[in-house]
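This report refers to the structure that appears directly beneath it.
The values are calculated or read from the model by the stated rules, or taken from the named source; none is laboratory data. No experiment lies behind these values; they were computed from the predicted model shown. Heads up, the Cβs are rebuilt from the backbone with ideal geometry, glycines too, and the neighbour counts pull from every protein chain shown. When the accessible area is computed, the model is the full protein with side chains, heavy atoms only, and any ligands, DNA or RNA have been set aside. Shrake-Rupley method; radii C 1.70, N 1.55, O 1.52, S 1.80 Å.
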Amino acid sequence: MNHYKLLTPGPLTTTSRVKEEMLLDRCTWDNDYKAITQKIRAKLLELAGADQEEYTTVLMQGSGTFAVEAVMNSTISNQDKVLIVTNGAYGERIVKIANYIGLAYREYSVAYDEYPSEEEIRSILKEDQNITHIVMVHCETTTGILNPLETISKLSKEFEKTLIIDAMSSFGGMEMNVPELGIDYLISSANKCIQGVPGFAFVIARLEKLMNCEGNSSSLSFDLYDQWKEMDKDGKWRFTSPTHVVAAFSKALDELDEEGGIPARFSRYQNNNRILRERLEKIGFQAYISKEKQSPIITTFLFPDDCFNFEHFYTFVKEKGYVLYPGKLTNENTFRIGNIGEIYEADMEQLCTIIESYMGVNK
């Protein structure tokens, strides 16, 4: 068994206690297991600052993309049109989902290292009266840019649009009050900032909106409304759930509380990011995203020169115990280093020392 630490945006390094929860087999019909599901649903609402009278939580089998597709498939009808704001590969994946489903949509795209423009979006919303929904990725893990959630929130309220936020890589790692932001559907995954393992994703949904989605879905598995109706009875999933993953996630939620909640976790992630950027900058690694736009989730670095061999570099670092992440840009040579998971200041300092050694820098 390897003991690598994963410096990725998820799957990520988890604690021994989270892993140990997966050693027990559980029955999907058992009341104890259903109670775990209900505990998770209630706790996620609490983290979102949401009241169960106004919001609900729906857990969906599969990866984060499965939940994104479930939301797009179930909450946008044939009479609706969605504005998809993109500045990275995961926003572009939402466009691909819209094409597969056959949704009416308009894409507003900006460069991977730029924020979407408030004025340009306002202009689109004024011009295109058919738009009913807005969707945006909060933290684009293509680059690590943290998109301006407050700006999109303000526009969706101003123009009375349904707001869908892909907070896959940010929820649980930074505070966000879902009701105050006016988010109607927030989507995230078990294996991100709450530090569980892959196997399910979740949607925090405004009840008033979700209750109007009956019959929208063209898919049985991706029917968010039907999943909610079944789960809301007593915590039972419609189809076989990832029982081991669910139990591990419940433990991860406990550990989030023990750490001091989202503010404490955000502080740790932000410190990881600061150390990484500052030390690597000194040895020639330039961050792709400017400091003011950088999330504490994942950092993208440009290759230091044309001779840099990422595969050789990756292998060198992996042999020392850390697994990095390739870049995902089309026009720049980059690689990424995740700042989340069970990773602390000492890990970041050690990683930077390893990279300095690779680059031939003497401390």
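Quick rundown of the values:
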quantity: Charge dipole magnitude, Cβ of K and R +1, D and E -1 - the stretch 33-155, Cα centre, debye nearest 20; calculated: 560
quantity: Cβ-placed point charges (K, R +1; D, E -1), dipole of the stretch 89-131 about Cα centre in debye, nearest 20; calculated: 300
quantity: Ranked packing of 294-306, 29-41, most packed first, by mean Cβ within 10 Å; calculated: 294-306, 29-41
quantity: Percent RCO, i.e. relative contact order, over the stretch 71-171, from Cα pairs under 8 Å lying at least 6 residues apart; calculated: 30
quantity: Dipole magnitude of the chain about its Cα centre (Cβ charges: Lys, Arg +1; Asp, Glu -1), debye to nearest 20; calculated: 560
quantity: Mean Cα-pair separation over length for the stretch 1-98, i.e. relative contact order, pairs under 8 Å, 6 or more apart, %; calculated: 12
quantity: Distance violations [Cα-Cα > 23 Å] among 282/320; 43/157; 161/291; 251/320; 5/291; calculated: 43/157; 161/291; 251/320; 5/291
quantity: Over the stretch 1-154, equivalent-ellipsoid semi-axes from the Cα gyration tensor in Å; calculated: 33, 21, 15
quantity: Hydrodynamic radius of the stretch 72-170 per Kirkwood, over alpha carbon pairs, in Å; calculated: 13.4
quantity: Charge-dipole axis of the chain as Lys and Arg at +1 and Asp and Glu at -1 on Cβ define it, positive-most pick from 197, 360, 22; calculated: 360
quantity: Furthest towards positive pole of dipole, 171, 207, 298, structure part the chain, Cβ charges; calculated: 298
quantity: Sulfur and carbon atoms: percent of accessible area, the chain [1.4 Å]; calculated: 46
quantity: Rg over Rh, two decimals, the chain (C-alpha only, Kirkwood Rh); calculated: 0.97
quantity: Along principal axes, Cα extents of the stretch 129-216, largest first, whole Å; calculated: 39, 30, 22
quantity: Length-normalised contact order for the chain - Cα pairs under 8 Å, 6+ apart - percent; calculated: 25
quantity: Amide H within-cut-off set for residue 298, under 5 Å, with H built and near neighbours excluded; calculated: 339
quantity: Using θ = phi - 60° and Karplus 6.51 cos²θ - 1.76 cosθ + 1.60, couplings along the stretch 7-15 (whole Hz; Gly, Pro as x); calculated: 9, 10, x, x, x, 9, 5, 10, 7
quantity: Inter-part distance where the stretch 80-106 and the stretch 19-39 are each reduced to a Cα centre, Å; calculated: 35
quantity: In Å², nearest 10: area of residue 133 left accessible to a 1.4 Å probe; calculated: 10
quantity: Radius of gyration, Dmax [the stretch 222-315; alpha carbons; angstrom]; calculated: 20.6, 59
quantity: Average accessible surface area per residue within the chain, 1.4 Å rolling probe, Å²; calculated: 43
quantity: The stretch 67-108, Cα convex hull volume normalised per residue, Å³; calculated: 56
quantity: Alpha carbon centroid spacing (whole Å) that separates the stretch 271-291 from the stretch 112-175; calculated: 26
